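Everything below concerns the one structure shown next.
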Amino acid sequence: MLRPMTDATWIREAVARRQLVADGPGDLSERWLLEGNRVALAEESGPHLDEEQCVRLEAALRTNFVRQLIVISNDPLVDEDMVYELSISAEDLAAFSWEFMGINALLLPYSGTELAVLFSTDDYHLVAGTRQFVTDYAGDLNAARDAFVDFAEDPPWVMTPLLREVTRYMSWIDDHTNATRHMRLFRRI
């Protein structure tokens, strides 16, 4: 269940964690990514998460031993910081998606900042964390990257330059794919 957090100390801590992870409403902190050797995957999202994305995110979080989450508004148009607690269940993720529709937000583990999902109102979100977490979420990394690139190139509207810029987060996928191919070749020798 999505529960609002009202304790002022907890809200200040959540906001401080948001400031470590996010650079504004649509970007992740390069420092946070580099310091934790983290990677990110961009994905199209009209509503923050659709049903299938909720299921995949729940599974990836469970596999990576995350059981509770917080969501923090990350929107300059929201007067007061909104902080909610939720479980990793697909139902809670769907409830969050509905409640925060139209608001930039950041999803974090209940404690720590080892992974994050940054939700932009600009029709995308960024799933970030270890390579294993992002791979657990995406499944086929190349297909996930290609789907977002196709989406970024498709709209004949003002969002196209922004969405093209967001693809920069996925440059690691080519490196990952080439390293995997190299390891397969090395095993054959």
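The values are calculated or read from the model by the stated rules, or taken from the named source; none is laboratory data. As the structure is a computational prediction, the values presented were derived from the model and not from experiment. Positions of Cβ are generated from backbone atoms using ideal geometry, with glycine treated the same way; all protein chains shown enter the neighbour counts. Side chains are part of the model used for accessible areas, which takes the heavy atoms of the whole protein and leaves out ligands, DNA and RNA. Shrake-Rupley method; radii C 1.70, N 1.55, O 1.52, S 1.80 Å.
For the list (1) assigned to a loop (DSSP other than H, G, I, E, B); (2) at pLDDT 95 or above; (3) not polar (S, T, N, Q), I need the number of the one condition that Arg12 fails.
Of (1) assigned to a loop (DSSP other than H, G, I, E, B); (2) at pLDDT 95 or above; (3) not polar (S, T, N, Q), only one is false for Arg12: (1).
Could you list, in sequence order, all residues of segment 80-102 that are of a type outside the set (Gly, Ala, Ser) and open to solvent by 30 Å² or more (accessible area, probe 1.4 Å)?
If the condition is that a residue be of a type outside the set (Gly, Ala, Ser) and open to solvent by 30 Å² or more (accessible area, probe 1.4 Å), then Glu80, Asp81, Met82, Tyr84, Glu85, Glu91, Trp98, Glu99, Met101 are the ones that fit.
Is there any pair with a first residue in segment 43-59 that is under 15 Å from Leu115 (Cβ atoms) and a second that is open to solvent by 10 Å² or more (accessible area, probe 1.4 Å) and not in a loop (DSSP other than H, G, I, E, B) whose Cβ atoms are under 6 Å apart and which are 6 or more apart or on different chains, and what are they?
Final answer for the pair search is Glu58/Ala90.
All but one of (1) under 23 Å from Arg164 (Cβ atoms); (2) assigned to a strand (DSSP E or B) hold for Ile70; which doesn't?
Looking at each condition in turn, Ile70 falls short on (1).
Can you find even one residue in segment 122-133 that is more than 13 Å from the chain's Cα centre (by Cα) and crowded, with 18+ Cβ neighbours inside 10 Å?
No, the conditions are met nowhere in segment 122-133.
Being buried (at least 18 other Cβ atoms within 10 Å of the Cβ), closer than 24 Å to Ala147 by Cα and not hydroxyl-bearing (Ser, Thr, Tyr) is the requirement here; does Leu33 meet it?
The answer is yes for Leu33.
Filter segment 72-94 for residues that are in contact (Cβ under 8 Å) with a residue 40 or more places away in the chain, touching a Leu at 6+ places or on another chain (Cβ under 8 Å) and among the hydrophobic types (A, V, I, L, M, F, W, C) and give the result.
Within segment 72-94, Ile72, Leu86, Leu93, Ala94 meet the criteria.
Kindly list, by first and then second residue, each pair from a residue in segment 95-109 that is over 21 Å from Glu13 (Cβ atoms) to a residue that is crowded, with 21+ Cβ neighbours inside 10 Å, limited to pairs with Cβ atoms under 7 Å and residues at least 6 apart or on different chains.
That search, which allows pairs on different chains as well, returns Ser97/His48; Ser97/Leu49; Met101/His48.
Just to be sure I understand the filter: pairs with C-beta atoms under 9 Å, separated by 6 or more residues or on different chains, first member in segment 25-37 and touching a residue at least 40 places away in the same chain (Cβ under 8 Å), second member part of a helix (DSSP H, G or I) and open to solvent by 100 Å² or more (accessible area, probe 1.4 Å). Which pairs pass?
Trp32/Leu20
Among the residues of segment 58-67, are any basic (Lys, Arg), in a helix (DSSP H, G or I) and touching a helix residue (DSSP H, G or I) at 6+ places or on another chain (Cβ under 7 Å)? Give the steps one after another, and end with the answer.
Quick first cut of segment 58-67, residues basic (Lys, Arg) only: 62, 67.
From what's left, in a helix (DSSP H, G or I): 62.
Checking which are touching a helix residue (DSSP H, G or I) at 6+ places or on another chain (Cβ under 7 Å) leaves us with none.
No, because not a single residue in segment 58-67 is basic (Lys, Arg), in a helix (DSSP H, G or I) and touching a helix residue (DSSP H, G or I) at 6+ places or on another chain (Cβ under 7 Å).
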